[in-house]
Amino acid sequence: MKFKTRRLHSSRIASPLGSLTLAATDQGLAGAWFEQQRHWPDTTGWLVADEHPVLRQAEAQLAEYFAGERQHFDLPLDLSHGTLFQQAVWQALLAIPIGKTLSYGALSAGVGSPAAVRAVGAAVGRNPISVIVPCHRVIGAKGALTGYAGGLDRKTALLSLEGAL
């Protein structure tokens, strides 16, 4: 993923599902990627900023989430690095409640593009903020756990943690 700005601050944190790289702009959290995740961004020029307030807040909230103590994230997000269509899909992901799943078809209908299931799937796959923007809650039409840039093992673990399996 190419970010429109090079003014990204980043940090790396540990999680029960592997290392996560977090990135933030002045507007909010712009990324959370698992190590070796598909669609890894070009981090050239990013500033390592472990003390950045949004990154510290994201780290704390993710720790609470993985400990089963948090069901909702309360972070400023910067989703401006995708196309308008991707941003609409990512916003729709935020409406899927914890413990629930939604099919790609239902998500497509929800964003007003019922025939664009593949395009919606591609946008879901390009979600830059894993876990917090819950793309892991999107499943196949018959309930199959399909596609997750962080790997199906992580998708299964996240859905299990949330009580959706």
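Overview of results
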| item | result |
| --- | --- |
| Residue, nearest to SER160 (Cα to Cα), within region 69-110, restricted to residues that are open to solvent by less than 40 Å² (accessible area, probe 1.4 Å) and assigned to a loop (DSSP other than H, G, I, E, B) | GLY99 |
| Residue that is nearest to GLU35 (Cα to Cα), among those in region 154-165 that are touching a residue at least 24 places away in the same chain (Cβ under 8 Å) and either within 13 Å of the chain's Cα centre (by Cα) or part of a helix (DSSP H, G or I) (or both) | ARG154 |
| Scan of region 111-137 for residues that are open to solvent by 10 Å² or more (accessible area, probe 1.4 Å), part of a helix (DSSP H, G or I) and more than 17 Å from GLY151 (Cβ to Cβ), ordered by number | VAL117, ARG118, ALA119, ALA122 |
| Residue that is farthest from SER15 (Cα to Cα), among those in region 80-134 that are of a type in the set (Ser, Thr, Tyr) and over 16 Å from the mean Cα position of the chain (by Cα) | SER113 |
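The values are calculated or read from the model by the stated rules, or taken from the named source; none is laboratory data. Bear in mind that the values here come from a model prediction, so they are computed numbers and not experimental data. Note: ideal-geometry Cβ built from the backbone for every residue, glycine included; neighbour counts use all protein chains shown. Only protein heavy atoms, including side chains, enter the accessible area calculation; ligands, DNA and RNA are left aside. Shrake-Rupley method; radii C 1.70, N 1.55, O 1.52, S 1.80 Å.
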